[in-house]
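Have a look at the structure below, then the notes.
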Amino acid sequence: MKKLIVLGAAASVFAGAAMAQEQTLNIYNWSDYIAEDTIEKFEAETGIKVVYDVYDSNEVLEAKMLTGNSGYDVVVPTSDFLQRQIAAGAYQKLDKSQLPNLVNMDPDLMKGAETYDPGNEYSTIYMWGTTGIGYNINAVAERLGEDYEVNSWELVFDPEISGKLADCGISMLDAPSEMIPAAMNYLGLDPRSTDKDDLEAGAALLETVRDNVRYFHSSQYINDLANGDICVAVGWSGDVFQALYRAEEAENGVEIGYVIPDEGALQWFDMMAIPVDAPNPEAAHKFINFVMDAQITADITNYVWYANANKASMPLVDPDITSDPGIFPTEAAKARLWAAQVYDARTDRTVTRLWTRVKTGT
Amino acid sequence: MNGAVEKTGSSPFVATLKRLLARTGLSGRTLVIAIPVLWLLIFFLAPFLVVAKISLSEAAIARPPYLPLWEWSEGMLIISLNFANYQYLLDDALYYLSYLSSLKISALSTLFALLIGYPVAYMIARAPDNTRNLLLMLVILPFWTSFLLRVYAWIGILKGNGVINNFLMSIGIIDSPIVMMQTDFAVYVGIVYTYLPFMILPLYANLVKLDESLLEAASDLGARPLTTFLTITLPLSMPGIVAGSMLVFIPAVGEFVIPALLGGPDTLMIGRVLWNEFFSNRDWPVASAVAIAMLVVLVVPVMILQRSQDEKEEAAS
Amino acid sequence: MSEPKSAAETRPWKDPAAVPFISIKNVTKKFGAFTAVNNISLDIYRNELFCLLGGSGCGKSTLLRMLSGFEEITSGTIEIDGQDMVGIAPYERATNMMFQSYALFPHMNVEKNIAYGLKRDGMGGAEIKDRVAEILKLVQLEEFARRKPGQLSGGQKQRVALARSLVKKPKVLLLDEPLGALDKKLREETQFELIKIQESLGVTFVVVTHDQEEAMTISTRIGVMNEGEIVQVGEPHEIYEYPNSRFVAGFIGSVNVFEGQVVDDEQDHVVVRSPDAGIDIFVSHGVSCAPNQKVAYAIRPEKISMSRDRPKDKKNVTSGMVEEVGYLGNLSIYQVMLESGKQIRVAKPNIVRLDEEAISWDEKVFLSWDGSAGVVLVS
Ligand SMILES: Nc1ncnc2c1ncn2[C@@H]1O[C@H](COP(=O)(O)OP(=O)(O)O)[C@@H](O)[C@H]1O
Ligand SMILES: [Mg+2]
């Protein structure tokens, strides 16, 4: 037995030597969610080779985390998903001694993230954003009048108003845990309520505008908004800005606005975390620390137009971005943001089922 | 006869193999049957059993997200089977409606694929030799590009400012774009397009064997071309029609990607319901129960069909 | 007998006033640049059993397929029973075809196969049943009515195919190598059956075959084809006894051919000087040819007598050595080498069993024949 262990140790020494030469880090992040040169810079600085994969739904990531052996070292789940996955034992605690850049983080926002990860033990904020309304300024003005000010969820939730926009296309996120609370909020209910009646009421409102919605999808709207194929999208802040940016690039005359409606909106955090069975946690820590560097985070925000939680990076972020209330909301708007509720299994099922009813009528 | 036996017997390899087989009590025949059986065991039965197992457990916030089916506790094996997942499928009309809708979409798609595929297969089978190979290549060609890419190409064709709408508007047939994306129509287009080769190839394989003199005989006996087709070509190509239809119908029932990308929110298909159970509800047991139920829904009619065909053959002999 | 006399008895082709039932005039068929049928003209009479005989690829099937309508005529005309066939589809013609491959519908049983043509005519169910039963009886397949083609022997399939093409009582039945797929014994039996059926139904048959014995056995007349053309038309014995060319002589049965030259050309006889034969051959009928024309003289093996002693009364006598003897049961074939070095074949019926005296190898023999035994071939 002893001999075997010695042999095993010797083998791992060799393996370690080999790894120092050619370490790899497997990252799994949202699509279009990083600056063009971030990975390059990280590789140059650390000599670690990065394998970078992308996904575009929390569900897909979650399936991999819950199955285990995903092979990823760093993943970026959204806060409410993260909470559940922590409960399932999918992540390892961060070794904060390896993350000196944590000092750069905004304590208020980190505090907000503690709703999902008490003590920030497992994760740190990558980017954050809101779920609001993106719209084609001219198309909406054409249908609702030049004077109409887009500042309310009534744009999509009032059947009469959304009915006027149906012909040019309304899209909603295919995300029941974001859409139903938004509807509840519009009805004056607590968006974080898990009461079945409240959820039913939200779903019922959605059903009344169902026929005005062209589709429910969580990424398609970026292109469609940019091309003028749709004119209103309930979407994630950064994605709407990406559409805005693409429309500008294309010079196709499409002007896009993003608004956090006066009634309030969901605030969410995308969190960097390390799977419990990550092959290379050491490199994972290095990467997380690297991202928390002020300049690197600023670069990412400047590229993806999502807000970060890195206080030190603020001076380095494009003033156009920091001053945009759609990205960095005003204090007044901030007060009306709500955090996502994490449902238990039964509520999850209720919400999914309601959502199916909203979408299909069955 | 004798010579042939001696010839094979003289190869030392074959002889050794035979001796080995004889010792293990296996004949070459058994071996020939064993290989596909083994294949089915590994690639069909094993995954099926895993899914069946999960369908009988209970969802949990864990990794993996369900409770184990059996447990050792104080020297006792405790097996807990949870049939509630199946009960659940019966309680909510959603599942039953989704199955029905999937079957309807698949059946109609199969019909359209048949209506398009049959003339194409017929034409290819009757084409001159060199053209025929070219046409077959064209049928298979789409497989050389990614399936997703081809579905995305359809988005480009069908969408509001896509190829079709732009063309129709430029020649002034319509003023505003026809909404084709996110409709059942787009789903039918996607499924028929994707699975068409699976309809054409077996039909072609059947029709190319069709003896032309049979058609001449029918014509000679007074059958007009349409009658000849209905009384000779069509019945004789039945095996091809059945094979092609199965190859289209079965995968179409469980199709997820096409309705997800091309379909509207109200396109109800069991593949999507399954996706929801698995990803949105994280309820792997119910998802597995949906999958098993889908298999039953598919396998039972296929087996009935198979049986009726076997009986027909038996009756014939 | 009240039945119409068969064409074999009335021999309408001998009557210049008779109206042909099928009239093929200057018919040519080209496949691209290739001429499969070249300018054929042919008359076939009602109730005939006419054989198109020729080697493989000579255009027999093509000619038949033009009669049935499966091939369009490149030029020329075909009339059947006075009706021009141009532009008339196969399913509108009063002809039926029996295919070389039988072309039985594999998914239908015998009964349904046979009823197929009747159904197309919109005949009532009861009548169809009677007709099918009747024809099944004719071809002796009553017990097999419910079988599928895959469960029949070759001979049974052949009869189903025949029944199916006959049941519509076509004006003309076209048969492409109808017995080609049967073994020899069955073929010979079936030949007679075919004649019986043809005579009893009074249908005009046009049969394609490459088998000259078959053609001789069954036909009222034979049209011999070669390379897309008809080279001779005649009754079987005419074709056999009076072939008009080396091709026909060689194609039908076995024949000895002597090369020669006409040295004496009279009204009632000619003399052919043949170094091959080693004699001047006397031919007891006139031949239309130029003086001193090079010709061939053809004589069948069974027309030559063989003897150890020189016969006295024969016009043509030559001699040679027996090289080979082949015993065929009913007759023996001798191969004899003439003094000129030419080998000829002589057939001798075996009249006596175990003839001790029979001529054998290496014997010198005299060969002789009458002036009317052979024919002069100018082409
Ligand atoms: N459809 C066709 N296309 C081209 N050539 C053909 C076709 N049918 C027959 N031929 C040619 O015409 C010739 C005569 O064919 P066919 O009538 O079938 O001969 P056979 O006397 O053996 O029945 C052959 O050389 C054959 O290759
Ligand atoms: Mg032929």
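The values are calculated or read from the model by the stated rules, or taken from the named source; none is laboratory data. Note that this is a predicted model, so its numbers are computed, not measured. Note: ideal-geometry Cβ built from the backbone for every residue, glycine included; neighbour counts use all protein chains shown. To get the accessible areas, we keep the full protein, side chains included, count just its heavy atoms, and leave off ligands, DNA and RNA. Shrake-Rupley method; radii C 1.70, N 1.55, O 1.52, S 1.80 Å.
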> Near C:Glu213, within a Cβ-to-Cβ distance under 15 Å, what is the net charge of the other residues, with Lys and Arg +1 and Asp and Glu -1?
Replying inline: -3
> Long-range amide H contacts for C:Ser372: which residues qualify at under 5 Å (H placed 1.01 Å from N, peptide plane, sequence gap of 5 or more or a different chain)?
Replying inline: C:Ser284
> In debye, nearest 20: dipole of the protein assembly as shown around its Cα centre with unit charges on the Cβ of K, R (+) and D, E (-)?
Replying inline: 4900
>> Could you check the spin-label model distance between A:Val54 and B:Val299? Points 7 Å from the Cα along Cα→Cβ, value in nm.
In response: 4.1
> In square angstrom, what is the accessible area per residue of segment A:226-299 with a 1.4 angstrom probe?
Replying inline: 30
>> Around A:Gly132, under 14 Å between beta carbons, what's the net of Lys plus Arg minus Asp minus Glu among the other residues?
In response: -4
>> With an 8 Å Cα cut-off and a minimum separation of 6 or more residues, compute the relative contact order for chain B in percent.
In response: 24
> Roughly what % antiparallel, to the nearest 5, for the DSSP beta bridges in the protein assembly as shown?
Replying inline: 70
>> I'd like the accessible area for B:Phe143: 1.4 Å probe, protein heavy atoms, all chains in place, Å² to the nearest 10.
In response: 80
> Can you list the lysines whose alpha carbon is less than 23 Å from that of B:Lys209, not counting same-chain residues fewer than 8 positions off?
Replying inline: B:Lys312, C:Lys112, C:Lys148, C:Lys157
> Per-residue ellipticity at 222 nm for chain B, helices alone: DSSP H runs ≥ 4 residues times -39500 (n - 2.57), over residue total, nearest 500 deg cm²/dmol?
Replying inline: -22000 deg cm²/dmol
>> Compute for segment C:233-379: radius of gyration divided by Kirkwood radius, i.e. Rg/Rh, restricted to C-alpha atoms, rounded to two decimals.
In response: 0.97
>> Probe radius 1.4 Å, ligands and nucleic acids left out: can you give me the accessible area buried at the A-B interface, summed over both chains, in Å² to the nearest hundred?
In response: 2700
> In square angstrom, rounded to the nearest 10, how much accessible surface does B:Ser57 have for a 1.4 Å probe?
Replying inline: 10
>> Just to confirm, what accessible area per residue do you get for segment C:221-379 at 1.4 Å probe, in whole Å²?
In response: 52
> How would B:Arg29, A:Arg210 line up by accessible area, probe 1.4 Å, largest first?
Replying inline: B:Arg29, A:Arg210
>> Within segment B:92-282, what whole-number % of the accessible surface is contributed by carbon and sulfur, with the 1.4 Å probe and all protein chains included in the calculation?
In response: 74
> Interface B/C, total buried accessible area with a 1.4 Å probe, nearest 100 Å²?
Replying inline: 1800
> When the accessible area of each residue in segment C:53-75 is compared between its chain alone and the complete protein assembly (1.4 Å probe; ligands, DNA and RNA ignored), which residues differ by at least 40 Å², being lower in the assembly?
Replying inline: C:Phe70
> What does chain A give for Rg and for Dmax, in Å, if only its C-alpha atoms count?
Replying inline: 21.9, 83
>> If N is the number of residues in segment C:7-246, what value comes out of its Cα radius of gyration divided by 2.2 N^0.38 Å?
In response: 1.00
> Quick one: accessible area per residue over chain B, 1.4 Å probe, rounded to a whole number of Å²?
Replying inline: 56
> Can you list the residues of segment C:86-113 whose accessible area drops by at least 50 Å² going from the chain on its own to the full set of protein chains, with a 1.4 Å probe?
Replying inline: C:Tyr91, C:Phe105, C:His107
> Going toward the positive end of the dipole of segment C:40-84, with +1 on Lys and Arg Cβ and -1 on Asp and Glu Cβ, which of C:Ser75, C:Ile44, C:Gly57 do you reach last?
Replying inline: C:Gly57
> How big is the antiparallel share of DSSP beta bridges in segment C:7-246, given as a percent to the nearest 5?
Replying inline: 50
> In segment C:103-234, what is the volume of the convex hull around the alpha carbon atoms, normalised per residue and reported in Å³?
Replying inline: 124
>> Along the Cα→Cβ direction, 7 angstrom out, place labels at C:Thr35 and A:Glu149. What is the inter-label distance in nm?
In response: 9.8
>> Only protein chains counted, 1.4 angstrom probe. Which residues of segment B:209-230 are at least 30 Å² less accessible in the assembly than when their chain is isolated?
In response: B:Ser213, B:Leu214, B:Glu216, B:Ala217, B:Ser219, B:Asp220, B:Leu221, B:Gly222, B:Arg224
> Can you work out the FRET efficiency for the pair B:Met238 and C:Asn292, with r the C-beta to C-beta distance and R0 = 51 Å, to the nearest 0.05?
Replying inline: 0.10
> Roughly how many nanometres apart are two label points built 7 Å out from the Cα toward the Cβ at B:Gln306 and A:Thr46?
Replying inline: 5.3
> Which value, in debye to the nearest 20, gives the size of the charge dipole of segment B:56-132 about its Cα centre, when Lys and Arg are +1 and Asp and Glu are -1 at the Cβ?
Replying inline: 640
> Counting Lys and Arg as +1 and Asp and Glu as -1, what is the net charge of the other residues whose Cβ lies under 15 Å from the Cβ of B:Glu255?
Replying inline: +2
>> Quick check: at a probe of 1.4 Å, how many percent of the accessible area of segment A:66-122 sits on carbon and sulfur atoms?
In response: 50
> By how many degrees, 0 to 90 and rounded to 10, does the Cα axis of helix C:154-166 deviate from the longest principal axis of chain C?
Replying inline: 70
> On average, how many beta carbons from a partner chain sit within 10 Å of the beta carbon of a residue in B:34-42?
Replying inline: 0
> Name the GluC sites (Glu not before Pro) in segment A:187-293 that are in a loop by DSSP and that have at most 10 other C-beta atoms within 10 Å, would you?
Replying inline: A:Glu251
> Any idea what the dipole of chain A comes to, in debye rounded to 20, about its Cα centre with Lys/Arg Cβ at +1 and Asp/Glu Cβ at -1?
Replying inline: 1680
> Which Cα, out of C:Leu338, C:Ser101, B:Tyr95, lies furthest along the positive dipole direction of the protein assembly as shown (beta carbon charges, K/R +1, D/E -1)?
Replying inline: C:Leu338
> Over chain C, what percent of the accessible surface lies on carbon and sulfur atoms, probe 1.4 Å?
Replying inline: 49
> Taking every pair of alpha-carbon atoms in chain B, what share in percent sits in each 10 Å bin, from 0 to the bin with the longest distance?
Replying inline: 5, 16, 22, 22, 19, 10, 4, 1, 0
>> Let me check against my output: what whole-number percent is the relative contact order of segment B:165-285, with C-alpha pairs under 8 Å and at least 6 apart?
In response: 33
> Based on the mean of other beta carbon atoms within 10 Å per residue, what is the order of B:60-68, A:121-129, A:39-47, most packed first?
Replying inline: A:121-129, B:60-68, A:39-47
> Kirkwood hydrodynamic radius for the protein assembly as shown: how many Å is it when counted over pairs of different Cα atoms?
Replying inline: 38.3
>> With a 10 Å cut-off between alpha carbons and a GNM built on chain C, which of C:Leu67, C:Leu331, C:Leu118 moves the most?
In response: C:Leu331
